[in-house]
Amino acid sequence: MLIDTHCHLQFSAYDKDRDAVINTCNKKRIFLNIVGTQKTTSRLAVELAEKHENMYASIGTHPIHLFPTRVDEEETSFVSREEGFDEEYYEELVKSKKVIGIGETGLDLYHMPKDKSIEEVLEKQKKVFLDHINFAQKHGLPLVIHCREAHSEMIQLLQANGHKLQANKGVIHCFTGNWEQAQKYLDLGLYLGFTGVVTFPPKKTDPKPQLDLEEVLEKIPLDRILVETDSPYLAPQVCRGKRCEPYMVEEVIKKLADIKGKNVEETEKIVFGNALSLFTRIDN
């Protein structure tokens, strides 16, 4: 049994064929955690999860939505809509039994608003992230943590608030850092989530980041790994150029099995169990 612990099936990228994508997931018996990034996408995640047996949702505010910010990626281009963490709004959403996590929330120093300083951006991101931590603690739910080009700041913040992570913990979504950073997150009791990025070949111009990631995969205990797609983004290497879909989590499993010297079926079972251990509201 498979689980994509981080996807955005509610995004407009699937508006024309969402039912077909869902049918594929059902045929392959793939559970989904549909992750919100702001109020509207969080509500849509919950509404979609409530319609399907093997779907669940996480709710929260992504750091790129704290300021109007230009986002240019391989798969998309848009200006984010500014909003904060509306706790009253999320209090209504969290009443759903299908809500299993709080996030996507965290720190992002990659997508920066042009008219703001790093200090101003970080100050607001940290405040809102702490609001999410407190909200997660209040409801006994794990955090779905986004961190891009801000690992030192994130680790420092989490270490200062580690006492609030003990009961519910969380996952560092789409981890692409090095082993030193990974160890610090693991010491905090967090899981690391890996996407199709793990299947990418090292860049000839700068192979170190991919080699660092492979070192993490070699050293991390299997019981601290989650697999995800971040679909519609980050399609695995064999699917590059295509829109990413949740079923492509199979490629992440294959890569993990290869690196860990396990068979695919055993690896699937272990990482599915990891997801159940973290997201305790999942009913399998």
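Listed values, structure above:
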{"item": "Segment 112-143: number of residues that are over 14 Å from V99 (Cα atoms), without any contact (Cβ under 8 Å) to a residue 40 or more places away in the chain and in contact with a Ser or Thr (Cβ under 9 Å, 6 or more places away or on another chain)", "result": "1"}
{"item": "Flag for N168 being buried (at least 20 other Cβ atoms within 10 Å of the Cβ), of a type outside the set (V, I, T), at pLDDT below 95 and out of contact with any Ser or Thr (no Cβ under 6 Å at 6 or more places or on another chain)", "result": "yes"}
{"item": "Residue, farthest from L211 (Cα to Cα), within segment 130-173, restricted to residues that are outside any helix (DSSP H, G or I) and out of contact with any strand residue (DSSP E or B) (no Cβ under 6 Å at 6 or more places or on another chain)", "result": "G140"}
{"item": "Options I282, I253; residue that is in a loop (DSSP other than H, G, I, E, B) and touching a strand residue (DSSP E or B) at 6+ places or on another chain (Cβ under 8 Å)", "result": "I282"}
{"item": "Strands (runs of 3 or more DSSP E) enclosed by segment 5-98 - at least 2 residues per element that are at pLDDT 95 or above", "result": "30-35, 55-59"}
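Residue-wise test of (1) among the basic types (K, R); (2) touching a Lys or Arg at 6+ places or on another chain (Cβ under 7 Å); (3) at pLDDT 95 or above.
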{"position": "H132", "(1), (2), (3)": "no, no, yes"}
{"position": "A150", "(1), (2), (3)": "no, no, yes"}
{"position": "E153", "(1), (2), (3)": "no, no, yes"}
{"position": "H163", "(1), (2), (3)": "no, no, no"}
{"position": "W179", "(1), (2), (3)": "no, yes, yes"}
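The values are calculated or read from the model by the stated rules, or taken from the named source; none is laboratory data. This is a predicted model, so every value here is computed, not measured. Note that we place each Cβ from the backbone using ideal geometry, even for glycine, and neighbour counts take in every protein chain shown.
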